[in-house]
1. Under 5 Å between amide hydrogens, which residues at least 5 positions from residue 214 or on another chain qualify, with H placed 1.01 Å from N in the peptide plane?
2. Give the dimensionless ratio obtained when the Cα radius of gyration of the stretch 121-180 is divided by 2.2 N^0.38 Å.
3. Keeping every protein chain in place, order 26, 199 by accessible area at 1.4 Å, biggest value first, i.e. largest first.
4. Using the Cβ atoms and a cut-off under 11 Å, what net charge is assigned to the surroundings of residue 197, where Lys and Arg are +1 and Asp and Glu are -1?
5. Accessible area of the stretch 34-188 with a 1.4 Å probe: how many percent of it is carbon plus sulfur?
6. Mind checking the dipole of the stretch 68-221: about its Cα centre, +1 per Lys or Arg Cβ, -1 per Asp or Glu Cβ, Debye to the nearest 20?
7. For 137, 167, 264, what's the largest-to-smallest order of accessible area, 1.4 Å probe?
8. In Å², and per residue, what accessible area does the chain have when probed at 1.4 Å with the other protein chains present?
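The values are calculated or read from the model by the stated rules, or taken from the named source; none is laboratory data. Predicted, not measured: the structure shown is a model, and the values here were computed from it. Here Cβ is always computed from backbone atoms with ideal geometry, including for glycine, and neighbour counts include all displayed protein chains. In case anyone asks, the SASA skips ligands and DNA or RNA and just uses the protein heavy atoms, side chains included. Shrake-Rupley method; radii C 1.70, N 1.55, O 1.52, S 1.80 Å.
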Amino acid sequence: MALNEHDVPATKPRPAARPASVTRQRVAVGGLAFRVLASASPASREPAIVLVHGIGVSHRYLSRLHDELAGHRTVVSVDLPGFGGLPKPGYDVDVATMARALGQLLEGLALGPVALLGHSMGTQWVVETALQRPELLTSVVAMGPVADARHRTILRQTRALTVDTLLEPPTVNAIVFTDYLRCGVPWYLTQLRHMLTYRLEDRVALLTVPLLLIRGGADPIAGVDWCRHLRHRAPRAELVQIPGHHHVVQHSAPKAVASAILSLTP
């Protein structure tokens, strides 16, 4: 069991090539609509990195991290069904069902084994994908993982989110709140119910691929004790903290987050 923790990761990125242009496409998987934004890096032989957003939002709050990573590797950002203006599924989609469709999407993209990153509720979807389809992954990255054991009710989760909102830069809140409007209350609440009942600590214990945990050092949603608990539970895991940043650390500190991912993921 790896117990490594990096409180102050290197923030100086490796020399990068000019990021590739972004291509967009909509992909249907079993009746579910995904959006795929890809920046190809033919010169890189390292695994591609796939980014998955959290509840209520879209690729937009991952765009700074996408651009930072795209100078080094092929990067793909995915919008999940019902988010980012995509059609809402006509039936309930729990974490396992979403992960199953995400695995089918990755298989269809034919990128080879990838480093799969999720933020917030996205950590649940990517961990579950890693358990269902480990052959598609080299590693899994859980950034701002939820739901912290201290926040497993709607009231407590809302309090933590409110605190984080007051701490985040205005640019973050503008992106998040406009995406919430596109998501809509019914779909958000449906997914929130799944988020609060998914036992991430039990699922990471079953991983067969390495896990990298990343949190903003001042994140009120994914606390340090919770992230350390996940690190201890996983067979192979490391924890990186970005001091002074909050839940949406990939937007406020994209270089630091990219440096950690490029240094610590196979």
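1. 142, 143, 144, 240
2. 1.39
3. Ranked list, largest accessible area first: 26, 199.
4. Numbers: positive: 152, 193, 199; negative: 94.
Residues close to residue 197 contribute a combined charge of +2.
5. 61 percent
6. Dipole of the stretch 68-221, to the nearest 20 debye: 280 debye.
7. 167, 264, 137
8. Accessible surface, normalised per residue, equals 41 Å².
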